[in-house]
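The next block holds one structure in the form of structure tokens; read it before the comments.
Here, each number is a calculation from the coordinates, and none is a lab measurement. Bear in mind the structure is a predicted one, so any value in this text is a computation, not a measurement. No Cβ is skipped: glycine too gets one built from the backbone with ideal geometry, and neighbour counts run over all protein chains shown.
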Amino acid sequence: MKVHIMLFGQLADITGVDKITVENTLDTDSMVKSLQNTYPSLTQSTFVIAVDKKIISANTLLTDQCTVALLPPFSGG
Amino acid sequence: MKEQTPSYERYQRQILLKGFGLEGQHKLLQSKVLVVGAGGLGCPALQYLAAAGLGTIGIVDEDIVSITNLHRQILFTVDDIGLPKASTAKERLAKLNPEITIIDYNERLSTRNALAIIKDYDIVIDATDNFSSRYLINDACVLLNKPIVYGAVSQFEGQVAILNCHLASSVTPANYRDLFPTPPIDGEVLNCAEAGVLGVLPGIIGSMQASETIKLITGIGKPLINTVLTYHSLTNQLYKIEIVANSSTRSLLPANEADFIKMDYDWFCASKNNKFEIDIENFNKIANTADVEIIDVRELGETPILTDINYYQIPLSQFKENIAAIKKEKIVVFCQSGKRSLQAAQILFDTFGNKKIIYSLKGGITEWFKNKSTEKR
């Protein structure tokens, strides 16, 4: 099972990647945990998660070929 | 609206548009839009709305024009440096379109004035540059049932959305707290002054805000209701995400106007970290004492360099790796504005806990120099 992850804004800056594909990740909670293991700086970051272009507010099961976006808040204007 | 008959000739090119017509123009001329922030986002939004014949435009900004604004705040010129943004913008826009009403508020939107100002408008454009104002605008607009046309930028990326919009009856309106329930840790997200911004980016995002506002008023197209659009200027990637109204975020909002007035948004957006902050006066007292280690966490090559204080540099990007080199009991970290140093302070605290006394210089070098120049006077 493949899941495509998109990182926006400063999340791409601190991890150095804006797109990752991960295998065998069951749900958004375990996906975030494994991302934070790979990129510890993400543990300090605020972001919301969208699964297939829809913001989620609780742990969500992932499906094969789905896209998860991690969106941080921007303040600049 | 002014007494004279509006000259529709001015609007001819947009009246020609299918679905827009005279009806669309009337709707614009009868609408009232408040633009909060006359900066990088606000300037282009204001220009296009004034040019399009938006009947009443309010401008809120307490700031004055400075030279670092000019690369993106295109309403202003070098002659405006030092002048208030709101009234300068008003003057400029009145020359562009004398047929509309423009009201300037040369003050910061606060819990004391927000409800009174916002209630007279149909739509609020959030063109601010800080989280405190963004949460304040959101909460006030939720209380008053006003739609928000939100825009924000960071470096090369921008976000646009229409929040708290009751016009689409099929969906429950989502607000800013459904997108970002609570503010990030202070210092985690840098503003334009810290992170930098390409001037044209807020130009694009601010123009999108104007476009979404016009769509919302005239009823053309599909405005970004409950949707956040992200734009990356380097890759031209556009990505739309649906925001879902979440019942649990309701509890984060002030319940009524009295609760709203009691809110302290500056504290709410900074409180998580300010336990580390030391002000200039106290910093100067301990700065050259023996048991304190002072660390510049700016990246290599950033200026100005301090000469009267003993310090060394560990850039924030390499901070964690080099933390073991810190030996003394008391540590003061500093950066340009005091934001990145808060992050460094948090890293220190995560490592040393209460074993060391950790401070972050409030306001950073900018504040320290300001203080130094007043002392000399």
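Brief remarks follow.
- Rounded to whole Å, sorted largest first: equivalent-ellipsoid semi-axes of the stretch B:203-279, Cα gyration tensor: 32, 21, 14
- Given +1 at the Cβ of Lys and Arg, -1 at the Cβ of Asp and Glu and no other charges, the dipole of the stretch A:5-77 around its Cα centre is 160 debye to the nearest 20.
- Think of the stretch B:118-221 as a dipole: +1 on every Lys or Arg Cβ, -1 on every Asp or Glu Cβ, centred on the Cα centre; then among B:206, B:137, B:217, B:217 lies furthest on the positive end.
- Calculated FRET efficiency for the pair residue B:66/residue B:7, C-beta based, R₀ 45 Å, to 0.05: 0.80
- Under 26 Å from the Cα of residue B:330 - lysines, other chains or at least 8 residues apart: B:272, B:275, B:285, B:320, B:339, B:355, B:356, B:362, B:370, B:372
- Top positive-direction residue, dipole computed over the stretch B:8-66 with Cβ charges, set B:64, B:33, B:53: B:53
- Listed by chain and number, the lysines placed with their C-alpha closer than 30 angstrom to that of residue B:27 are B:2, B:18, B:85, B:90, B:95, B:119, B:146, B:215, B:222, B:240; residues fewer than eight positions away on the same chain are left out.
- Ordering B:194, B:329 by the number of other Cβ atoms within 10 Å of each residue's own Cβ, fewest first, gives B:329, B:194.
- Per-residue average of Cβ from other chains inside 10 Å of A:64-75: 6
- Rounded to the nearest 20 debye, the dipole magnitude of the protein assembly as shown is 300 debye, with +1 charges on Lys and Arg beta carbons, -1 on Asp and Glu beta carbons, and the Cα centre as origin.
- Residue exposure sequence - B:88, B:172 - by fewest surrounding Cβ within 10 Å: B:172, B:88
- In this simple spin-label model, placing a label point 7 Å from the Cα along the Cα-to-Cβ direction at both residue B:18 and residue B:81 gives a separation of 5.0 nm.
- Evaluated at q = 0.13, 0.23, 0.24 Å⁻¹, the base-10 log of the normalised Debye intensity for the stretch B:279-337, with identical point scatterers placed on the Cα atoms, takes the values -0.33, -1.02, -1.10.
- Within chain B: Cβ-based charge dipole about Cα centre, in debye rounded to nearest 20 (Lys, Arg +1; Asp, Glu -1): 340
- The stretch between residue B:325 and residue B:289, if pulled fully straight at 0.36 nm per residue, gains 11.1 nm over its current Cα-Cα span.
- Candidate cross-link partners of residue B:262 among the aspartates and glutamates, defined by an alpha-carbon separation under 14 Å and a same-chain spacing of 8 or more, comprise B:139.
- Length gained when the stretch residue B:94-residue B:305 is fully extended (0.36 nm per residue, less Cα-Cα span): 71.5 nm
- The distance from the alpha carbon centre of the stretch B:302-369 to that of the stretch B:102-173 is 35 Å, rounded to a whole number.
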